[in-house]
Amino acid sequence: TFAGRAVLVTAATAVVSVIVTALVALPIAVRSANSAAAADLSEKSALAVELLAGERAAARTRIVNRLRDDGIAVYLVRRGTADRPGLPPRVVRQIAAGQTVDTRGIVGGETVLISGRPLAGNDAGVVLTRRAGSGTAGRVLSGVWFALLAGLVGGVGAGALLAHFVTRPLRQAALAAKQLSAGDRSVRLAVRPPAEAAELATALNQLGAALQRSEGREREFLLSVSHELRTPLATIRGYAEALADGVVTGESAGRTMLAEADRLDRLISDLLVLSRLEAADLPVHLVPVDLADLVGSAAEAWAPRFGPALTTELPDGPVMVSTDPGRLRQVIDGLCENALRVIPDGAPLVLAVHGTAVEIRDGGPGFTDEDLAVAFQRGALQQRYRHERKTGSGLGLALAARLVERLGGTIEAAHAPEGGALFRITLPSGELYTTRTSA
């Protein structure tokens, strides 16, 4: 687990730190101990010279024994000769020459500190020796084990605290994610430091809020679609019952039932196309298309339903774009049908081509600034205006936006100069052809 790894890492760091510190401190401690021992030995040699110079033989023996008890060997030099072997010859010669000695050397196969002082007359002197670094390295190394154990315990404790501190927000986030996956969209996490944990909590809170909003819109959309499905079904059922009872004639009932069936078929087709678009499963075939000709054909098709209120703004020559003409015509027809549903009789509808953009403008009730922000969200405007004016299924604009996106273009909604809504579809340019038309 992450907690176990944190404990292991901190414990290993503590152990390595102790070992490295001991390895660095050992030579420094030995050097410091030797320096202190050398200074102490030098002081004692000077003191021994003063004491031995004026004491009788019995007193000198006591002084020598006392020094030996402290681990210090005493050598007396008389007439250029030590009282016992072992001293380096150069030390004996320096003392006999009346020189002071503070050095290191080999005595009896061991490295020792040597400090000597001459006595007055007769080429005599006193030399003291002590083992260099006696016991210092051992004491430092023995202390390492205690420090290692203390570092290990401290590392485990620090790792446990660190793991608890770090993993608690992770565990809370995991628990929140499980609750979200179980359907509880109200779960929220407290945003607390450290910064990374706060970012994770904020992201999960935003995810929960987004899921809550999305599911709310989905519920509203399903309610809207179910209403739109029930309406033609209810009409068809009613006329079927009337036919069965002989209340209406077959011709009028048939026309009504056919119109409602067509409406139901369009709704189901829109649902299927929209689901395929969101699954990226709807094929489009991009070919060079004359945008002016396509919009002109759409205007001719809708002219009988709008009458003289429908006008066009088309360029003199062709405008070539790369698109799927069937899908683009589907978008234009859907926007025209929306306009037909909401604009009053006689209000203008304009189909225009400006560059590689198609504009559909109307003189209907239009949009507010708040509407423009959600115009292409499924069912958003339908939910907002279903009790105020005639609305569709709430799929048309969402379907148009997805289709234009698949065609590689963009669509935007705005306020039209005619007072209603404006939809601008901008398509990628194809090969541009210019032709001259004769008068």
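The values are calculated or read from the model by the stated rules, or taken from the named source; none is laboratory data. The structure presented is a predicted model; accordingly, all values stated were derived computationally and were not measured. Methodologically, a virtual Cβ is constructed for each residue, glycine included, from the backbone with ideal geometry; neighbour enumeration extends over all protein chains shown.
Brief remarks on what is shown
- Of the criteria (1) part of a helix (DSSP H, G or I); (2) within 23 Å of Val91 (Cα to Cα); (3) modelled with pLDDT of 70 or more, which one Glu50 fails: (3)
- Within the range 110-128, considering residues that are among the small types (Gly, Ala, Ser) and surrounded by 20 or more Cβ atoms within 10 Å (Cβ to Cβ), the one modelled with the lowest pLDDT: Ala124
- Selected residue (only one of Val331, Val287 is surrounded by 14 or more Cβ atoms within 10 Å (Cβ to Cβ), at pLDDT 85 or above and more than 30 Å from Arg237 (Cα to Cα)): Val331
- Of all residues in the range 346-364, those satisfying the criterion of being crowded, with 21+ Cβ neighbours inside 10 Å, part of a strand (DSSP E or B) and over 44 Å from the mean Cα position of the chain (by Cα) are Leu349, Val350, Leu351, Val353, Arg361, Asp362.
- Conditions (1) modelled with pLDDT of 80 or more; (2) surrounded by 12 or more Cβ atoms within 10 Å (Cβ to Cβ); number of the one not met by His164: (1)
- Considering residues of the range 392-419 that are of a type in the set (Gly, Ala, Ser) and closer than 12 Å to Glu359 by Cβ only, the residue surrounded by the fewest Cβ atoms within 10 Å (Cβ to Cβ): Ala414
- Qualifying residue in the range 404-416 (condition: part of a loop (DSSP other than H, G, I, E, B), modelled with pLDDT under 90, within 22 Å of Gly307 (Cβ to Cβ) and in the same structural domain as Glu337 (by TED's automatic domain parsing)): no
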